[in-house]
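Enquirer: Handing you a structure now.
The values are calculated or read from the model by the stated rules, or taken from the named source; none is laboratory data. These numbers come from a predicted model, not from an experiment. Cβ sites come from the backbone with ideal geometry, for glycine too, and all protein chains shown count toward neighbours. Areas reflect the complete protein model, heavy atoms only, side chains present, ligands, DNA and RNA absent. Shrake-Rupley method; radii C 1.70, N 1.55, O 1.52, S 1.80 Å.
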Amino acid sequence: SYAAEFGRQPGAQIAIVTRSGTNARHGSLFDYVRHSVLDSNDHFGVRNAIAKPEQRQHDFGGVLGGPIRLRGYDGRNRSFFFVSYEGLRLKLPVVSSPVLVPTVAAREAATGFARDVLMAFPLPTGSASAANPTMAPFVGSYTDPSTLDSTGVRVDHRVNGRVSMFGRFTHAPSEIRQRGGFSTPNVITVSPAFSRTVTVGANATFSPTLL
């Protein structure tokens, strides 16, 4: 069981402690890469003789932290900064499940607005359905792209031996483009997200037994 301060539904409780700067200036960089050249085709893509969709993943960023030094002020042992950035550029390969689309014959037989609607569907990759000759299965491969840019800045300050404060600001816009997620494969759903948070905190030691 978890403490009463968390409350509400049971389940996992995740506590995150962000890093802070130190008296020495330190930083690091990272980059995680995946590429379609290094991966095989999807099983269903091989089975349906569909070309391997493009795959790319670059998860990159870095951190930098240290004492705050301004003109006439040396923050060692008192004031620190910590900056972090993570960027994600992802192209997720997808081989779609079979869906029924209008056959070529049905498209050619239609006229006017109905023909325009039928022509908007992707072309079938299989023969006409026995249950409905105007429909045929479509299986395709494509790539769903997504992006993320997450930036965080934290500042810590020690007022004295008993009181310390910190402030943190994060900015993390992202976007996912999903083909056929809630409709037919010719429709791309764009899902942007925007996250911005500000957190402040302080610790004070009033006595050896009271924090």
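Enquirer: Assuming R0 = 25 Å, can you tell me the calculated FRET efficiency for the pair residue 211 and residue 4, based on Cβ-Cβ distance, to the nearest 0.05?
Expert: 0.85
Enquirer: Next question, about the same structure. With a cut-off of 20 Å, note down the residues of region 161-184 whose backbone N falls inside the zone around a label point 7 Å from the Cα of residue 194 toward its beta carbon.
Expert: Of the residues in region 161-184, 169-178 have backbone N under 20 Å from the label point off residue 194.
Enquirer: Right, something else. Which chymotrypsin sites (Phe, Trp or Tyr not before Pro) in region 143-211 pass both tests, a DSSP loop state and at most 12 other beta-carbon atoms within 10 Å?
Expert: 182, 206
Enquirer: Is region 1-105 best put as rounded, prolate or oblate by its Cα gyration tensor, with a ≥ b ≥ c the root eigenvalues, rounded for a/c under 1.5, and otherwise prolate when a/b is larger than b/c, oblate when not?
Expert: Here region 1-105 falls in the oblate category.
Enquirer: At 1.4 Å probe radius, can you tell me the per residue accessible area of the chain in Å²?
Expert: Per-residue value: 69 Å².
Enquirer: Give the calculated FRET efficiency between residue 52 and residue 16 to the nearest 0.05, with a Förster radius of 45 Å applied to their Cβ-Cβ distance.
Expert: With R0 = 45 Å, the Cβ-Cβ based efficiency is 0.75.
Enquirer: Where in region 119-192 are there trypsin sites (Lys or Arg not before Pro) that are in a DSSP coil and have at most 14 other Cβ atoms within 10 angstrom of their Cβ?
Expert: Taking region 119-192 and a limit of 14 other Cβ atoms within 10 Å, the loop trypsin sites (Lys or Arg not before Pro) found are 162.
Enquirer: Oh, and also: Can you pull the percent of region 39-130's accessible area that's carbon plus sulfur, 1.4 Å probe, other chains left in place?
Expert: Roughly 59 percent of what the probe reaches on region 39-130 is carbon or sulfur.
Enquirer: Region 43-74 to region 92-123: how many Å between their Cα centroids?
Expert: Computed from Cα coordinates, the inter-centre distance equals 37 Å.
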